[in-house]
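Structure, as structure tokens:
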Amino acid sequence: SPGVFFDHDRGKTHSSGKLLYSARIIPYRGSWLDFEFDPKDALFTRIDRRRKLPVSILLRALGYNNEEMLNEFFDINTFHILPEGEGVQLELVAERLRGETLGFDLADGDKVIVEAGKRITARHVKQLQASGIAALAVPDDYLVGRILSHDVVDANTGELLAQANDEITEEQLQNFRKAGVDAVGTLWVNDLDRGPYLSNTLRIDPTKTQLEALVEIYRMMRPGEPPTKDAAQNLFHNLFFTFERYDLSTVGRMKFNRRVGRKEVTGEAVLYDSKYFGERNDEESKRLVSTHGDGSDILDVIKVLTEIRNGRGVVDDIDHLGNRRVRSVGEMAENVFRVGLVRVERAVKERLSMAESEGLTPQELINAKPVAAAIKEFFGSSQLSQFMDQNNPLSEVTHKRRVSALGPGGLTRERAGFEVRDVHPTHYGRVCTIETPEGPNIGLINSLAVFARTNQYGFLETPYRKVVDGKVTDDVEYLSAIEENEYVIAQANALTDAKNMLTEQFVPCRYQGESLLKPPAEVHFMDVSPMQTVSVAAALVPFLEHDDANRALMGANMQRQAVPTLRAQKPLVGTGIERAVARDSGVTVNARRGGDIVQIDAGRIVVKVNENEFTDASDAGVDIYNLIKYTRSNQNTCINQRPLVNVGDGIARGDVLADGPSTDIGELALGQNMLVAFMPWNGYNFEDSILLSERVVEEDRYTTIHIEELSCVARDTKLGPEEISADIPNVSEQALNRLDESGVVYIGA
């Protein structure tokens with residue numbers, strides 16, 4: 001899904017096995033922006049996975065200079081320069097000395113807090129804070145080698161003595177004294193948790209001005225083209241800051257803001273930077289600045305990335321369902337429609353720019369064919385536009401509840417590794433952990449769990465019952481994988497008493513993907529049902545919990561292959577979800593309104609509606625249901641509806657009036673109830689052979705009807721019309737004995 005993601009290379013890039021952290025901003029459409037560390041701890045950026053540039057070039061192109069960059073990313077220590085021989089004075093922030101080893105005694109008056117050569121610990125820091133020392137006298141060599149956070153200028157002559165990001169030398173320090181520089185600021189860096197990453201990056205950055213940085217980016221994006229100022233500025237602006245070319249989408253903005261730790265979840269679809277838009281003069285930029293004020297998306301991402309590199313913060317898990325969203329049909333159709341419209345726009349612009357475009361009407365200008373073609377192509381030949389599996393009602397329902405990681409904008413079978421296919425803790429209650437194909441697509445194609453649904457952003461949600469102070473309420477809340485992370489969730493079979501209080505001292509729970517025991521007072525939610533982890537097909541398997549997972553997977557998949565028998569028989573042992581599956585698949589006929597049956601035959605049912613259910617005065621009060629008779633399904637099985645009611649029966653709204661294929665009195669019935677015996681029989685049932693009673697065949701228990709449509713065309717040719725006839729020359733009598741006198745296969749052949 002769009003948003004910002006932080007990751008590391010698992011030590012694969014560099015021979016030392018060092019973890020190199022990276023961040024990637026993925027828009028819904030537009031250029032990807034990557035930030036990454038190299039083995040020497042400098043920060044680089046890539047646009048659209050091209051060659052990398054030092055990240056300071058990108059910041060310089062936004063309008064930041066060296067001082068502003070350093071001030072954004074580092075805390076500043078201030079040193080006051082005293083006259084020759086008196087050293088320098090540090091404005092003390094005790095916390096910043098932690099972990100350092102000083103070459104001199106640290107004393108409060110006569111009382112020595114830290115001896116020279118000893119490392120400063122957290123206890124020392126507390127003592128320093130208690131002592132209330134505001135300034136610390138340190139020798140010159142404590143300042144030498146530190147990194148300046150700003151340019152140092154001689155106030156009298158205006159001469160530049162040292163630049164921001166220079167390491168202070170003894171010579172420079174003498175010059176500062178001569179010029180009467182009162183104070184300098186240095187970057188607070190150390191080796192543990194304050195790395196000098198941006199400072200390293202500035203050292204390898206060849207550019208000095210904003211224009212140079214823009215030209216450098218232009219050269220990287222368009223190698224070989226001569227850069228001009230306007231071209232470079234336009235290219236950069238079009239990359240991330242125009243709505244035509246860049247769109248994070250509402251989902252992307254929500255994920256982005258959440259990840260960089262902002263409160264609000266809404267914002268602009270483009271990347272916002274107050275410095276960049278503040279320097280531009282167009283209306284759009286002024287509107288953005290007045291709406292959002294200070295702030296920068298790009299700086300925030302780099303800050304989070306450096307925090308992770310400093311050991312504060314964690315990288316993202318790409319297989320977490322909070323990072324994967326469902327793209328619905330409508331959304332994909334919308335994208336295809338946009339592509340078609342863009343083509344139309346280009347054609348119209350071209351036509352308008354031609355000389356003879358004066359007297360053209362809109363009809364002549366606009367050619368709608370590209371839009372129609374794009375939509376036709378999408379529904380006709382998209383990888384995800386599939387021929388419905390119509391073997392039985394279950395296969396229809398399952399096919400419509402499929403979630404696939406393949407297809408346009410998704411993975412390919414070859415590239416998908418083991419991690420993507422594996423079961424993830426966040427699948428619980430959202431995606432079925434059992435039902436998935438056994439072949440090369442295993443784990444890439446999944447089924448929605450029974451109660452799962454998508455939220456407005458396209459993330460999967462699952463329902464939970466609220467638990468308040470150990471009492472299970474009937475309030476149901478849907479939680480997405482991101483929201484669920486903060487709560488402790490009990491299992492559906494946790495023991496409760498008559499008042500719905502959790503009775504066990506410790507309840508088995510899930511928290512942040514781990515299973516643990518918690519006291520009832522700490523439980524926030526409880527599963528709705530033990531069924532909520534599995535899909536429809538798996539929920540139809542009785543005693544599923546006793547099955548081996550691999551065989552359960554096969555069972556769930558094979559139920560979809562059951563062919564409708566002549567007479568459906570509902571199972572003696574079911575799970576209670578059969579009726580819901582039959583109803584929701586739409587193969588049965590359900591009453592729209594209550595009333596009485598007045599007329600019925602094999603093909604239609606007529607209902608006189610109860611007067612209290614009339615919609616308005618003009619309502620005739622009659623509902624007519626036409627039944628589907630012996631129609632071919634996509635898989636050549638037979639679709640046939642049979643009435644279950646008689647004339648004079650009273651019915652209520654939602655009652656089943658007619659059974660469809662594989663349903664029995666409104667319940668899903670995929671097979672037959674057979675008596676099975678396990679016993680050897682002279683080797684005739686070795687391994688997977690079975691013996692059938694003759695009665696099974698006589699009673700047509702497993703007889704199925706298949707309907708195939710075969711057509712034969714008689715054309716008018718140059719030699720005259722073709723005719724269909726039974727007397728075909730040079731064909732044996734035996735080959736013709738199934739044809740009637742006009743040459744058509746007779747019924748029952």
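Couple of notes before you dig in:
- Cα gyration tensor shape of segment 710-749, rounded if a/c is under 1.5, else prolate or oblate by comparing a/b with b/c: oblate
- Inter-probe distance in nm under a simple model that places probes 7 Å from Cα toward Cβ, at Val696 and Asp154: 10.5
- Residue-span extension gain [Lys499 to Ile318] - 0.36 nm each, minus C-alpha spacing: 61.0 nm
- Global form of segment 75-189, assessed from the alpha-carbon gyration tensor, a/c cut-off 1.5: prolate
- When the helices of the chain are scored as -39500 (n - 2.57) per DSSP H run of n ≥ 4 and the total is divided over every residue, the value at 222 nm lands at -7500 deg cm²/dmol.
- Once the Cα atoms are used to define both axes, helix 297-309 deviates from the longest principal axis of the chain by about 80 degrees.
- Axis of helix 249-259 versus longest Cα principal axis of the chain: the two differ by about 50°, to the nearest ten degrees.
- Segment 386-437: C-alpha gyration tensor shape, a/c 1.5 cut-off, then a/b vs b/c: oblate
- Placing +1 on the Cβ of every Lys and Arg and -1 on the Cβ of every Asp and Glu, with no other charges, gives segment 75-189 a dipole of roughly 640 debye about its Cα centre.
- In this Cβ point-charge picture (+1 for Lys and Arg, -1 for Asp and Glu), segment 710-749 has a dipole of about 180 debye about its Cα centre.
- Peptide packing: for 92-102, 701-711, the average count of neighbouring Cβ atoms within 10 Å per residue gives the ranking 92-102, 701-711, highest mean first.
- The simple Förster model, with R0 at 56 Å and r as the Cβ-Cβ distance, assigns Leu710 and Phe243 a FRET efficiency of 0.50.
- Spin-label model distance (nm) - Asp230 vs Glu307, 7 Å beyond Cα toward Cβ: 4.3
- Applying 1/(1 + (r/R0)^6) with R0 = 22 Å to the Cβ-Cβ distance of Arg415 and Asp7 gives a FRET efficiency near 0.85.
- For the chain, the longest principal axis of the C-alpha atoms and the axis of helix 229-240 are separated by about 50°.
- Each 10 Å bin from zero holds the following percent of Cα-Cα pairs in the chain: 2, 9, 14, 16, 17, 14, 11, 8, 5, 3, 1, 1, 0.
- Two-site label geometry, Asp649 and Val528: point separation in nm, points 7 Å out along Cα→Cβ: 3.1
- Size descriptors for segment 4-124: radius of gyration and Dmax over Cα atoms are 21.3, 66 Å.
- Cross-link pairs Lys12/Lys40; Lys208/Lys229; Lys229/Lys275; Lys349/Lys369; Lys255/Lys518; Lys471/Lys518 - those with Cα-Cα distance over 21 Å: Lys255/Lys518
- Order by protection proxy (mean Cβ within 10 Å, highest first), peptides 373-384, 167-178: 167-178, 373-384
- Scoring 57-66, 105-114 by mean Cβ neighbours within 10 Å over their residues and listing the highest first yields 57-66, 105-114.
- Shown is the FRET efficiency for Lys369 and Phe543, computed with R0 = 56 Å from the Cβ-Cβ distance and rounded to the nearest 0.05: 0.45.
- Length added when fully stretched, Ala521-Lys263, from 0.36 nm per residue minus Cα-Cα: 90.0 nm
Quick note: the coordinates plus some simple rules give every number you see, no bench work behind them. Just so we're clear, the structure is a prediction, and the values are computed from it rather than from any experiment. Cβ atoms come from the backbone with ideal geometry, glycine included; neighbour counts cover every protein chain shown.
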